[in-house]
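Accompanying notes for the structure given below.
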Amino acid sequence: MTRKELADLIFPNIKHDIKYYEEKYPPRDLKEGAIVTRYAPSPTGFVHIGALLASFTSYSFAHQSEGVFFLRIEDTDTKRTVENGIKNIIKDLKDFDIVFDEGALSEEKEKGNYGPYIQSKRKEIYHTFIKQLIEEGKAYPCFLSEEEVASIRLRQEKSKKRIGIYGRYARYRDMPVEEASQKIKNGEDYIIRLKSPGSFYKKIKCSDLVRGTLEFPENDIDIPIMKKDGLPTYHFAHLVDDYLMHTTHIIRSDEWVSSLPIHIQLFQVFGFKPPKYAHISPLLKNDNGVIRKLSKRKDPECAVSFYHEMGIPTEAVKLYLATIINSNFEEWYLQNKDKKISDFEFSFKKVSKSGALFDLEKLTNISKTYISRLNKEEIYEQTKTYLEEFDKDFLKVFTKDPDYTKAILNIEREQKKPRKDIGKYSDVKKLIWYMYDEEFKPSYENKDIDIEMLSDYLNNYYDENDDKNTWFNKIAEFGQKHNYTSVKEYKENPSLYKGHVGDICEMLRFVITSLTMTPDLYEIMHLLGKERLIKRLELYKTQKNA
Ligand code: GLU
């Protein structure tokens with residue numbers, strides 16, 4: 001019995017060889033230095049902000065080099081797969097303008113010449129590669145049951161040995177092919193393991209574009225490459241796919257750094273040139289002084305959908321991610337206000353090795369600056385889109401009189417330093433609700449308000465056609481009549497006066513809006529108009545007398 005016969009027994013239906021696939025998927029016709037990279041998620045239906053960062057990095061590097069960015073779905077772990085996982089991933093990334101040049105589009109559809117891009121559809125390809133390894137004596141069927149593997153692990157843990165099937169634990173590694181094929185014919189369960197050529201006592205060097213040269217002991221563990229269900233393991237599938245899809249750079253989260261010795265070894269076993277690797281450090285969070293990894297369980301900002309639900313503009317998130325990828329981005333962006341993120345030349349050398357702090361407050365500030373540069377029309381449209389999905393009630397109020405709403409949004413906007421108060425579209429209602437009578441159901445705090453004075457002012461002095469200067473001068477003049485003076489005089493002799501002009505404005509603001517802080521009072525009063533201002537004063541009186 002030969003190894004070839006054993007391989008045929010295991011894979012009776014495999015007709016092609018590796019060469020066939022190499023010809024089917026020839027090298028890509030791209031310009032020198034073009035980066036081919038991929039996002040390779042398991043479709044669990046959740047896109048982590050760290051994964052968005054890795055995708056955004058991959059996308060940016062691929063595109064700035066005129067390369068290719070593709071989506072490959074790694075669904076060999078069938079237990080974790082969810083329905084619509086692929087569509088959700090594509091949608092979540094598209095929200096951030098990250099689009100794929102190639103890859104899966106849904107469970108059924110895909111684009112590109114290097115597919116299938118869903119691993120569960122590539123079984124025959126993986127089997128071809130595994131078959132060759134068995135023929136060459138580089139992989140073997142292993143009959144250890146799950147219980148036996150678990151008990152080996154337990155023993156190793158107890159005696160503080162390295163965990164895994166290697167050395168004397170690899171009981172089936174050298175089993176004669178006759179015996180192995182007999183067991184298979186008897187219907188015994190098995191998996192396929194790599195016959196690792198490595199020695200734990202030798203070192204290998206791997207270079208990582210972010211971390212520099214890394215040194216590891218060689219992998220000497222006979223890792224599983226095919227599971228009982230016939231599907232390959234992640235490690236093996238990634239090798240076959242990245243080889244045939246001609247990936248030049250693997251950019252992924254650093255949880256995979258420790259797998260590098262296995263991955264490099266797999267490429268070596270086949271004699272393939274490994275791609276370049278760039279491992280991105282995890283995003284960290286300052287949790288009341290404790291620095292820890294951003295956690296899916298504890299931090300809502302971990303899910304990419306969070307930003308959409310909060311109405312944080314995708315452009316702001318991208319700007320923040322760009323500052324995380326390359327620390328020099330922020331300065332460049334400040335100096336190049338008219339440029340787009342895609343005009344920036346990202347560099348692997350400037351990617352942080354230690355992991356960046358993900359600071360929601362900083363992101364919100366970036367977002368505030370970003371929104372402050374938009375005009376009233378843009379803010380109106382963006383907010384409307386947000387409300388259409390998340391707050392239909394307020395949408396009605398917001399869109400009833402678009403010009404009125406735009407005028408509200410325009411307060412303190414067309415100036416050199418526009419007001420920076422909107423960080424997310426979900427905040428808009430909280431910022432302008434009092435400008436709408438249907439929303440204006442105030443509960444006033446207790447405050448000393450000179451109602452008679454305000455009533456006299458609104459009824460007899462206020463003119464909604466006054467410009468800002470006249471408006472202010474009139475208040476000052478009017479104040480004298482009620483014994484309110486200028487701030488300066490009041491400070492010099494507080495006992496002589498009831499208060500100063502500022503106090504009148506504060507009282508007006510409070511009665512009109514029920515708030516102590518708002519944007520420009522003149523603009524607010526002007527927009528509300530005399531009639532409604534008087535109604536608000538009446539409302540205040542009735543509530544206070546009730
Ligand atoms: N499927 C792996 C994951 O979801 C991909 C790792 C890689 O990019 O090689 O993390």
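Checked across region 493-516, the condition of being farther than 22 Å from ARG419 by Cβ, modelled with pLDDT under 95, small (Gly, Ala, Ser) and exposed (fewer than 14 other Cβ atoms within 10 Å of the Cβ) holds for at least one residue.
When region 240-258 is filtered for residues that are near the ligand (Cβ under 10 Å from one of its atoms), part of a helix (DSSP H, G or I) and modelled with pLDDT of 95 or more, the ones remaining, listed by number, are ASP241, ASP242. Among the helices (runs of 4 or more DSSP H) confined to region 455-546, the ones with at least 2 residues that are among the hydrophobic types (A, V, I, L, M, F, W, C) and farther than 26 Å from LEU431 by Cα are located at 468-481. Of all residue pairs spaced 6 or more apart or on separate chains, those with beta-carbon atoms under 7 Å, a first member in region 246-258 that is over 27 Å from ASN113 (Cβ atoms) and a second member that is more than 11 Å from the ligand (Cβ to nearest atom) are SER253/PRO282; ASP254/SER281; ASP254/PRO282. Of the residues making up region 149-172, those that are under 30 Å from PHE267 (Cβ atoms), not small (Gly, Ala, Ser) and not in a loop (DSSP other than H, G, I, E, B) are VAL149, ILE152, ARG153, GLN156, ARG168, TYR169. Residues that are under 23 Å from ILE118 (Cα atoms) and aliphatic (A, V, I, L, M) are absent from region 21-32. Here is the figure for region 199-239: residues that are within 16 Å of the ligand (Cβ to nearest atom), in a strand (DSSP E or B) and closer than 13 Å to PHE129 by Cα total 2. So, in region 262-286, of the ones that are away from the ligand (no atom under 14 Å from the Cβ) and surrounded by 21 or more Cβ atoms within 10 Å (Cβ to Cβ), which residue ends up farthest from the chain's Cα centre (by Cα)? Of everything passing the filter in region 262-286, GLN265 is farthest from the chain's Cα centre (by Cα). Here the helices (runs of 4 or more DSSP H) wholly within region 352-419 that include at least 1 residues being touching a strand residue (DSSP E or B) at 6+ places or on another chain (Cβ under 9 Å) and over 19 Å from HIS526 (Cβ atoms) are 360-372. In region 22-47, the residue that is farthest from PHE69 (Cα to Cα) out of those that are among the hydroxyl-bearing types (Ser, Thr, Tyr) and within 16 Å of the ligand (Cβ to nearest atom) is THR44. In the set PHE70, PHE96, PHE129, PHE56, only one residue is touching a residue at least 60 places away in the same chain (Cβ under 8 Å), out of contact with any helix residue (DSSP H, G or I) (no Cβ under 6 Å at 6 or more places or on another chain) and not small (Gly, Ala, Ser); that residue is PHE70.
The values are calculated or read from the model by the stated rules, or taken from the named source; none is laboratory data. Note that the coordinates shown come from a computational prediction; the quantities given were computed from them, not determined experimentally. Cβ coordinates were reconstructed from backbone atoms using ideal geometry, including for glycine residues, and neighbour counts include every protein chain displayed.
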